Amino acid sequence: MSTLFTPTRRQFNRMALGAGALVAAPVLRAQDNRIVLGQSAAFTGPAAALGTEFLVGAKVYFDQLNAKGGVNGRQVAIHNLDDGYEPDRCAANTEKLIKEDVFSLFGYIGTPTSVVALPMAVQAKMPFVAPFTGAMGLREPLKREAFHLRASYDDETALIVNQLFNLGLTKVAVFYQDDAYGKAGLSGVTKALTAKGAKTVAEATVKRNSVDVAEAVGKLAKSGANAIVQISAYKSCAAFIREARKAGFGGQFFNVSFVGTQALADELGKDGAGVVVSQVMPSPYNASRPITREFTAAAKKVNAHINYSSMEGYLAAKMIAEGMRRASGKLTRDGLIAGLESIDEDFGGYRVSFGPNDHVASNFVELSMLSGDGRVRT
């Protein structure tokens, strides 16, 4: 049996404290009484917290499900591979998972990686469920195999721009990752501004998996913007915020959910006070919703981290399990697709609704703010 992934010492310690023993599943064979899901995600590198925490949440749900007998008596397991948030590695991992005949691809992390993986899934007629991305290019046109749990980046950036204009912050700049993810977010901001008869005052990029933000800071800090929307991962966004403030920028910072909210808060510490992040999952810190109470109770039993990323992993696992339960007869990939398409259910205050012509479960978006002491307020 292979290990989950090869983490750094720090990651290993966090995982050991967070969710007990997380072991990768060997490949599903005909004699196995299990359902094996395949995941390629970042477990090392600057985006590692996103993959790690999503997996923690998914494992919390599946371990709980398996303890109750699994899906129709079959245990659910995840065979996960590390891609470091790099498309080439993701493509190789996806090819491997397809050849190993996993039941479904699940929980891929990021736009640039999902962009290369989805066509491979479609060609193999393998479901591609709950990718951690809001890019419209993965949603339109509809792909029969692709099912999205979260709202789109267009939904998130529309809310952000509306909030900015409500606050009188109409001079908007964009700091974005120079890849499919950053461009998807930039497109969302541009659409939202255009609807208000406005446009960005400046734009600047950072390379994926890099914290070299000096050029972007030089361009945006003196652009006259009173707000900067960030479309990147937590390490580069944190580096940009710190350096922009040192350069004299006194405006507001807004981020989309993929940034990794808790990871950003941890990176920034007290420098995070006032930074806004849009969210596409219910708050894991506000017990007003039943799904939050369910998730936090399950996570606390195994001392797993409670944050937005692990909440998303938990909900994604709950969603695909419900799709498997709804499949009629012997569980097949076509049966999973039909089962997912039949879901129209309130998951404890978070509605999940699909149909044959609608493979996006939710358009839920709200705003949160970092408090500067590692906490997140909604």
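Against the test of being touching a strand residue (DSSP E or B) at 6+ places or on another chain (Cβ under 7 Å) and either of a type in the set (V, I, T) or assigned by TED's automatic domain parsing to the domain that holds D266 (or both), the options V60, V71, V56 yield a single qualifying residue, V71.
Wholly within region 172-253, which helices (runs of 4 or more DSSP H) include no fewer than the required count, namely at least 3 residues that are farther than 22 Å from T111 by Cβ and in contact with a Ser or Thr (Cβ under 8 Å, 6 or more places away or on another chain)? Walk me through it before giving the result.
Numbers: elements: 180-195, 214-220, 234-246.
The helices (runs of 4 or more DSSP H) meeting that bar number zero.
Does V102 satisfy being surrounded by 22 or more Cβ atoms within 10 Å (Cβ to Cβ), of a type outside the set (S, T, Y), more than 16 Å from V229 (Cβ to Cβ) and assigned by TED's automatic domain parsing to the domain that holds E312? Spell out the reasoning first.
On the way: surrounded by 22 or more Cβ atoms within 10 Å (Cβ to Cβ): yes; of a type outside the set (S, T, Y): yes; more than 16 Å from V229 (Cβ to Cβ): yes; assigned by TED's automatic domain parsing to the domain that holds E312: yes.
Against the criterion (surrounded by 22 or more Cβ atoms within 10 Å (Cβ to Cβ), of a type outside the set (S, T, Y), more than 16 Å from V229 (Cβ to Cβ) and assigned by TED's automatic domain parsing to the domain that holds E312), V102 qualifies.
The residues of region 325-354 that are without any contact (Cβ under 8 Å) to a residue 40 or more places away in the chain, touching a helix residue (DSSP H, G or I) at 6+ places or on another chain (Cβ under 6 Å) and farther than 20 Å from F62 by Cα amount to a single one, S342.
Could you tell me which of the residues P87, P131, P119 is free of Cβ contacts under 8 Å to residues at least 12 places away in the same chain and either within 30 Å of Y176 (Cβ to Cβ) or outside the structural domain of S309 (by TED's automatic domain parsing) (or both)? Steps first, answer last, please.
Values: P87 fails: free of Cβ contacts under 8 Å to residues at least 12 places away in the same chain; P131 fails: free of Cβ contacts under 8 Å to residues at least 12 places away in the same chain.
Just a single option satisfies the conditions, and that option is P119.
Only one of the listed residues (G260, G272) is modelled with pLDDT of 95 or more, surrounded by 23 or more Cβ atoms within 10 Å (Cβ to Cβ) and at positive phi. That residue is G260.
Residue check: is G185 outside the structural domain of R333 (by TED's automatic domain parsing) and on the phi > 0 side of the Ramachandran plot? It would help to see each step written out before you state the result.
Details: outside the structural domain of R333 (by TED's automatic domain parsing): yes; on the phi > 0 side of the Ramachandran plot: no.
It is false that G185 is outside the structural domain of R333 (by TED's automatic domain parsing) and on the phi > 0 side of the Ramachandran plot.
Just wondering, is there one or more residues in region 270-282 that are free of Cβ contacts under 8 Å to residues at least 24 places away in the same chain and under 21 Å from the mean Cα position of the chain (by Cα)? Working first, answer last.
Narrowing region 270-282 to residues free of Cβ contacts under 8 Å to residues at least 24 places away in the same chain: none.
Scanning region 270-282, I find no residue that is free of Cβ contacts under 8 Å to residues at least 24 places away in the same chain and under 21 Å from the mean Cα position of the chain (by Cα), so the answer is no.
The condition of being of a type in the set (S, T, N, Q) and closer than 18 Å to L65 by Cα holds for only one of N303, N307, N357, that being N303. The residue that is farthest from A244 (Cα to Cα), among those in region 204-219 that are buried (at least 19 other Cβ atoms within 10 Å of the Cβ) and either out of contact with any helix residue (DSSP H, G or I) (no Cβ under 7 Å at 6 or more places or on another chain) or not hydrophobic (A, V, I, L, M, F, W, C) (or both), is R208. Determine whether Q11 is surrounded by fewer than 20 Cβ atoms within 10 Å (Cβ to Cβ), modelled with pLDDT of 95 or more and not in a loop (DSSP other than H, G, I, E, B). Criteria not met by Q11. Of all residues in region 200-226, those that are in contact with a Lys or Arg (Cβ under 7 Å, 6 or more places away or on another chain) and either over 22 Å from Y85 (Cβ atoms) or not assigned by TED's automatic domain parsing to the domain that holds L167 (or both) total 5.
Can you name the residue in region 161-183 that is aliphatic (A, V, I, L, M) and in contact with a strand residue (DSSP E or B) (Cβ under 8 Å, 6 or more places away or on another chain) and is also surrounded by the fewest Cβ atoms within 10 Å (Cβ to Cβ) among such residues? Among those that are aliphatic (A, V, I, L, M) and in contact with a strand residue (DSSP E or B) (Cβ under 8 Å, 6 or more places away or on another chain), it is L167.
The values are calculated or read from the model by the stated rules, or taken from the named source; none is laboratory data. Computed from a predicted structure; not experimentally measured. Ideal geometry is used to build each Cβ from the backbone, glycine not excepted, and the neighbour counts take in all protein chains shown.
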